[in-house]
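> Can you keep this structure in mind? I'll have questions shortly.
The values are calculated or read from the model by the stated rules, or taken from the named source; none is laboratory data. Here the structure is a predicted model, which is why all the values come from computation and not from measurement. For neighbour counting, all protein chains shown are included, and Cβ atoms are generated from backbone atoms with ideal geometry for every residue, glycine included. For the accessible areas, the whole protein counts, side chains as well, though only heavy atoms, and no ligand, DNA or RNA atoms are used. Shrake-Rupley method; radii C 1.70, N 1.55, O 1.52, S 1.80 Å.
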Amino acid sequence: MLGGSGNLLTAGVTLANGQTVIGGGESVTAQLFGGGTGSYNLGGSNGTIAGTNAGNNVITLGNGNTLRGITITGGADGIFGNNVNGATLTSVTVSGAGGHGANFTGTSTASRVPISPRPAMASMACTS
């Protein structure tokens, strides 16, 4: 979780299958001891994940990843997925990437609700 307007620098990160990245201003639901659930609001605004290597993708997705309430800057592609299934992007902003904001190749499936690239970075590529 990147609550409270947190910022991370990375040369590129590959998420494991099923991982979720949540920024500030979002909420999470947790399973409580005894079987109940609780909802917790994260303070702040979108955290930023900044790519420090123009030749690497900032975030490479695995199957079933969720990105919610984050800003991604720099890197080759902001988000990259090859043959991934079930990725979900919600309230994700990408700017300053050298390639695509989000690039899905192969037989990838993903949903986006809404992704908001900045005017200079308004591309999402899907190729097979």
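> Report, by residue number, each residue of the range 68-90 that is under 9 Å from the mean Cα position of the chain (by Cα) and either of a type in the set (Asp, Glu) or open to solvent by 30 Å² or more (accessible area, probe 1.4 Å) (or both).
Hits for the range 68-90 are 68, 88, 90.
> So which residues in the range 20-41 are open to solvent by 80 Å² or more (accessible area, probe 1.4 Å) and either of a type in the set (A, V, I, L, M, F, W, C) or touching a residue at least 24 places away in the same chain (Cβ under 8 Å) (or both)?
33
> Kindly indicate the residue of the range 55-67 that is buried (at least 20 other Cβ atoms within 10 Å of the Cβ) and part of a strand (DSSP E or B) and also modelled with the lowest pLDDT among those meeting that condition.
This residue is 67.
> So, in the range 15-46, exactly how many residues are under 25 Å from residue 85 (Cα atoms) and not polar (S, T, N, Q)?
9
> Take the range 29-83 and flag every residue that is farther than 15 Å from residue 102 by Cα and aromatic (Phe, Trp, Tyr).
33, 40
> Does residue 105 satisfy being modelled with pLDDT of 90 or more and either within 12 Å of residue 57 (Cβ to Cβ) or surrounded by fewer than 18 Cβ atoms within 10 Å (Cβ to Cβ) (or both)? It would help to see each step written out before you state the result.
Details: modelled with pLDDT of 90 or more: yes; either within 12 Å of residue 57 (Cβ to Cβ) or surrounded by fewer than 18 Cβ atoms within 10 Å (Cβ to Cβ) (or both): yes.
Answer is yes for this residue.
> Being at pLDDT 80 or above and over 13 Å from the mean Cα position of the chain (by Cα) narrows it down to one residue among 11, 50; which is it?
After applying the criteria, what remains is 11.
> May I ask you to list the residues in the range 16-37 that are out of contact with any Phe, Trp or Tyr (no Cβ under 6 Å at 6 or more places or on another chain), part of a strand (DSSP E or B) and at pLDDT below 85? Reasoning before the result, please.
Keep residues of the range 16-37 that are out of contact with any Phe, Trp or Tyr (no Cβ under 6 Å at 6 or more places or on another chain), which gives 16-27, 29-37.
Still in the running and part of a strand (DSSP E or B): 20-23, 27, 29-31, 37.
Of everything in the range 16-37, those that are out of contact with any Phe, Trp or Tyr (no Cβ under 6 Å at 6 or more places or on another chain), part of a strand (DSSP E or B) and at pLDDT below 85 turn out to be 23, 27, 29, 30, 31.
> Residue pairs, Cβ under 6 Å, 6 or more apart or interchain, first in the range 62-74 and without any contact (Cβ under 8 Å) to a residue 40 or more places away in the chain, second surrounded by fewer than 21 Cβ atoms within 10 Å (Cβ to Cβ). List them.
The qualifying pairs are 73/50; 73/95; 73/96; 74/50; 74/96.
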